[in-house]
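Encoded as structure tokens, here's the structure I'll be asking about.
Taken together, the values in this text are just the output of simple stated rules run on the coordinates, not laboratory data. Keep in mind that what you see is a predicted model, and the values were worked out from it rather than measured. All Cβ positions, even for glycine, are placed from backbone atoms using ideal geometry, and neighbour counts span all protein chains on display.
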Amino acid sequence: MLKVNFLLIFLSTSLFGKPVKIDLANDYSVTGQLVKSNLTEVFVDLGYDIIKIPKTAIFRMVEQQGRQTIEKPLFQNELFVASHGKRKLSSLNNLVDELGEAVVLIRTPIGLGSGFLIHPDGYVVTNDHVVAGERQISVTQFKGSQTELAKRNYDNVKIVATGGNLDLALLKIEEQEKDLKFPFVVLGNSPDLKQGQRVFAIGSPLGLERSVSEGIVSLRNRIISDRLHIQTTAEISPGNSGGPLFNYKGEVVGVNNMKVVTQGAEGLGFSIPVDSLKMFLMNRDAYAFDPRNPNAGFRYVTPPSQAN
């Protein structure tokens, strides 16, 4: 299982007005009273002044009651954990061993795709086009190392949210043994991604499970079909769709979703930026999937044409 050596606290209203200790990404800390929070910042009263702290700079937040420190659950209000620079660079083989169990194969009656676990309760991210129009979905997890893999199939999988305009989908593995917890990956930050930075993909191209491809970021903000993409030389093939694109800290920086296939074209893979994924997950109620409603998840049916 992926070891997480950091803690990010997503704020709830129960912390407002209470003394908190905020550990920052630069190894400093601040203690004061939490007075306000919005999507990107928190405001802390130090007793003589109120300071504003960007959430991207927060490594951990704990509530303090006298001398006792109370740590909040890792997944208190969100389905994912975001990294804020605390992870260290590592080698590719170590990262593949560490992250591989959180990357899954997704199978539907008409095809295959990839996905990745973001929560120990079995929440999986993939592309919308991998599961669009499907109801029978199975997830295969691969446990073990590069020398020995054991497959675990889960057939009771439901669609939680779909965003056809974003080409993202959130799934939930329903059948679980008691106390079973899944390994999960952490999400990076799109602004930290640089042109020329080394990245790698794990997925199941053409059904070849847990395949790894390596490359660089060709461009971190390419517009294709009115949607922002990361352009990468990491090989993206059919079956990689929905799988993660990692940096060498083991953070997800993108969701692989397409490649250019034409004569003379090589190394033209594309991924959805991780910040688009975060927006989708934080607003998943707007993309909630309802199998009884064909318009669920912003998938609108074509209106009937008027007869002349």
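Residue 104's amide H: which non-local residues (gap 5+, or another chain) put their own amide H closer than 5 Å, with H modeled 1.01 Å from N in plane and none for Pro or chain starts?
Close amide H contacts, sequence-distant or interchain: 115, 116, 117.
Assigning unit charges at the beta carbon (Lys, Arg +1; Asp, Glu -1) and nothing else, what dipole magnitude in debye, to the nearest 20, does segment 187-274 show about its Cα centre?
Numbers: 8 positive and 7 negative charges, 33 e Å.
Using only the charged Cβ atoms, the result is roughly 160 debye.
If you average the sequence gap of Cα pairs under 8 Å that are 6 or more apart and divide by the length of segment 184-246, what percent do you get for the contact order?
Computed over segment 184-246, the figure is 35 percent.
In percent, how large is the relative contact order of segment 92-150, given Cα pairs closer than 8 Å and 6 or more residues apart? Could the numbers behind the result be given before it?
Values: 79 pairs, mean separation 21.3, N = 59.
So the answer I get is 36 percent.
Could I ask something else about it? Cut-off under 18 Å on the C-alpha distance; same-chain residues fewer than 8 positions from residue 158 excluded. Which aspartates and glutamates are left, in chain and number order?
121, 128, 134, 167, 174, 175, 177, 285, 290
Could I ask something else about it? Give the cross-link partners of residue 259 among the lysines, using a straight C-alpha distance below 23 Å as the criterion and excluding same-chain residues fewer than 8 apart.
Those lysines meeting the cut-off are 194, 278.
What list of ³J(HN,Hα) values in whole Hz, one per residue of segment 211-226 in order, does the Karplus curve 6.51 cos²θ - 1.76 cosθ + 1.60 (θ = phi - 60°) give from phi, with Gly and Pro shown as x?
3J(HN,Hα) across segment 211-226, in whole Hz: 7, 10, 10, 10, x, 10, 7, 6, 7, 8, 8, 9, 8, 9, 6, 6.
Taking square-rooted eigenvalues a ≥ b ≥ c of the alpha carbon gyration tensor, is segment 187-274 rounded, prolate or oblate, where a/c under 1.5 means rounded and, failing that, a/b exceeding b/c means prolate? Can you show the working numbers first?
Working: a/c = 1.55, a/b = 1.12, b/c = 1.39.
It comes out oblate by the Cα gyration axes.
Listed highest first by mean packing, meaning other Cβ atoms within 10 Å per residue, what order do 159-168, 282-291 come in? Walk me through the numbers on the way to the answer.
On the way: 159-168: 21.2, 282-291: 14.1.
Descending packing order for the listed peptides: 159-168, 282-291.
Just order 133-143, 102-112 by mean Cβ neighbour count inside 10 Å, highest at the front, would you? Before the final figure, lay out the partial values.
Numbers: 133-143: 16.3, 102-112: 20.8.
Output ranking for 133-143, 102-112: 102-112, 133-143.
I would also like to ask the following. What list of ³J(HN,Hα) couplings, whole Hz, do you get for segment 283-291 from phi and the Karplus terms 6.51, -1.76, 1.60, once you set θ to phi - 60° and write x for glycine and proline?
Whole-Hz 3J(HN,Hα) from phi for segment 283-291: 10, 5, 5, 6, 10, 4, 8, 10, x.
Where a Cα-Cα gap under 27 Å defines reach, which lysines qualify for residue 18, not counting those fewer than 8 residues away within the same chain?
Within the straight-line cut-off, residue 18 pairs with 36, 52, 55, 72, 86.
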